[in-house]
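**Q** If you scroll down you'll find the structure; I have some questions about it.
The values are calculated or read from the model by the stated rules, or taken from the named source; none is laboratory data. On a predicted model such as this, the values are computed, not experimentally measured, just so you know. A quick note on method: Cβ atoms are made from the backbone with ideal geometry, for glycine too, and the neighbour counts reach across all protein chains shown.
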Amino acid sequence: MGLLDLFKPKWKHSQPEVRFKAVQELTDQDVLAKIANKDADSEVRLAAAKKVDDDKLVSDIARNAEDWEVRYAVVGIIEDKKLRAEIAQKDTEDNVRLQAVKKIEDTKLLEEIAQKDIGTYTRQAAVKKICNQKLLAEIAKNDSANAVSEVAVKNVQDQVFIAEIAKYSKNYWNTRNLAVKKLEDQTVLARIAQKDVENKVRITAVMKINDLKLTEEIAQNDVDPMIRMAAVRKVEDPLLFAQIAKMDKNPDVRLTALEKVEDQKLLEKAAKNDEDFYVRKTAVEKIDDQALLERIARKDQVMMVRRAAENRREYLSNSGKNNKQDK
């Protein structure tokens, strides 16, 4: 403590800790405003700002304080709608504009901010408060920030606009994916399932398609194995998923189909002949013939498959099941 501190009010003390404590006891609004604007310590400035409740002084701090955290602290208590609008549009700090937007109810102003503000989270906050379906769709399709476009698509309820977003969004794939999850138009879903550039979007569309013939066509012929796998999970024809389990070039697709197969002869062929050991293992885990399992447990070249055969045989033995004997 300096000698001069003895002759000063505590809110002017050289030590910020002393000034901070002094602020807690102050009630003079002019002094508090002065401290909020001018004190050298940010914590002292904030403490003072939070105690200012005079409308005129609050407005002055909100407009002119150099410390954005101080401006932020008072924005929430501003009652003047014009001043809130001014701050929401003109403050240089994203966080301050965001705080002001949270208090705004003017629809036109919110729509303007949602389209034009440079701050991602400020636009996002505005988007959360608007209902204009056409505008929300445009934002979902064109906003440069995923955080904004995703909020926009979540607020769109009109199926016409949801379809537009699903088809034409230029943004990150997740925006289209969110739209596809809400989409009901089967024609648009079919188009997206076959043509979207992002696998995850196509898979979401495949899982929503009701056209079994189209699903079967995709399961057999799509060039992407991930898409074929998604379609296989929806296939209901036992002959078709049996065919895919035998013929598909991708082992993951064969395995997915094989998980739906119950035919013991097909399972036997897969367990003995499939070149992928995960597929063989999956087949083994569904076989009921203990003699066959014993042969596989002795002869398969991969330990994982042999162990799967041993475990399956032990399970069947303990449960009293043996397909050959039952026949």
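**Q** Tell me, yes or no, whether region 162-169 has at least one residue that is within 21 Å of Met229 (Cα to Cα), of a type in the set (Gly, Ala, Ser) and surrounded by fewer than 24 Cβ atoms within 10 Å (Cβ to Cβ). Walk me through it before giving the result.
**A** The first filter runs over region 162-169 and keeps only residues within 21 Å of Met229 (Cα to Cα), leaving none.
So far as region 162-169 goes, no, none of its residues is within 21 Å of Met229 (Cα to Cα), of a type in the set (Gly, Ala, Ser) and surrounded by fewer than 24 Cβ atoms within 10 Å (Cβ to Cβ).
**Q** Pairs under 7 Å by beta carbon, first residue at pLDDT 95 or above in region 85-96, partner not in a helix (DSSP H, G or I), six or more apart or different chains?
**A** Once the first residue is at pLDDT 95 or above and sits in region 85-96, its partners that are not in a helix (DSSP H, G or I) give Ala85/Ile104; Ala85/Asp106; Ala88/Ile104; Asp94/Gly119.
**Q** Can you report the number of residues in region 165-210 which are part of a loop (DSSP other than H, G, I, E, B) and closer than 24 Å to Glu138 by Cα? Before the answer, list the steps.
**A** Looking only at region 165-210, we keep the residues that are part of a loop (DSSP other than H, G, I, E, B), and these are 169-172, 183-185, 196-198, 209-210.
Right, trim to closer than 24 Å to Glu138 by Cα and you get 169-172, 183-185, 196-198.
Matching residues across region 165-210 total 10.
Residue-by-condition table, conditions (1) within 30 Å of Tyr121 (Cα to Cα); (2) among the small types (Gly, Ala, Ser):
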position	(1), (2)
Ala166	yes, yes
Thr187	no, no
Lys195	no, no
Glu198	yes, no
Lys208	no, no
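**Q** Which ranges mark the helices (runs of 4 or more DSSP H) fully within region 47-96 that have 1 or more residues being at positive phi?
**A** Fully inside region 47-96 and qualifying: nothing.
**Q** Quick check on this structure: which one of Ala257, Ala271 is at pLDDT 95 or above and either under 26 Å from Glu217 (Cβ atoms) or acidic (Asp, Glu) (or both)?
**A** Going through Ala257, Ala271 in turn, just one is at pLDDT 95 or above and either under 26 Å from Glu217 (Cβ atoms) or acidic (Asp, Glu) (or both): Ala257.
**Q** Which numbered condition trips up Arg84, out of (1) buried (at least 22 other Cβ atoms within 10 Å of the Cβ); (2) closer than 30 Å to Val151 by Cβ; (3) charged (D, E, K, R); (4) touching a Phe, Trp or Tyr at 6+ places or on another chain (Cβ under 7 Å)?
**A** Going through (1) buried (at least 22 other Cβ atoms within 10 Å of the Cβ); (2) closer than 30 Å to Val151 by Cβ; (3) charged (D, E, K, R); (4) touching a Phe, Trp or Tyr at 6+ places or on another chain (Cβ under 7 Å) one by one, Arg84 breaks only (4).
**Q** Still on this structure, please answer the following. Select from region 21-39 the residues that are over 42 Å from the mean Cα position of the chain (by Cα) and under 19 Å from Trp68 (Cα atoms) and write down the one among them that is surrounded by the fewest Cβ atoms within 10 Å (Cβ to Cβ).
**A** For region 21-39, the residue satisfying everything is Lys38.
Listed here are the residues, each with its yes/no results for (1) surrounded by fewer than 19 Cβ atoms within 10 Å (Cβ to Cβ); (2) more than 28 Å from Ala145 (Cα to Cα).
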residue	(1), (2)
Val58	no, yes
Glu66	yes, yes
Ile77	yes, yes
Ala100	no, no
Ala114	no, no
Ile118	yes, no
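**Q** In region 120-132, which residue that is of a type in the set (S, T, N, Q) and within 21 Å of the chain's Cα centre (by Cα) is surrounded by the most Cβ atoms within 10 Å (Cβ to Cβ)?
**A** Once the filter is applied, the top-ranked residue is Thr122.
**Q** Taking interchain pairs and intrachain pairs at least six residues apart, which have beta carbon atoms under 7 angstrom, with the first residue in region 301-316 and of a type in the set (D, E, K, R) and the second outside any helix (DSSP H, G or I)?
**A** So the pair list comes out as Arg306/Asp300; Arg312/Glu285; Arg312/Ile287.
**Q** Okay, moving on. Would region 211-226 turn up any residue that is more than 28 Å from Arg280 (Cβ to Cβ), β-branched (Val, Ile, Thr) and either assigned to a helix (DSSP H, G or I) or at pLDDT 95 or above (or both)?
**A** Looking through region 211-226, none of the residues is more than 28 Å from Arg280 (Cβ to Cβ), β-branched (Val, Ile, Thr) and either assigned to a helix (DSSP H, G or I) or at pLDDT 95 or above (or both).
**Q** Another question, if that's okay. Of Val180, Val148, Val153, which residue is more than 24 Å from Arg202 (Cβ to Cβ) and crowded, with 24+ Cβ neighbours inside 10 Å?
**A** Val148
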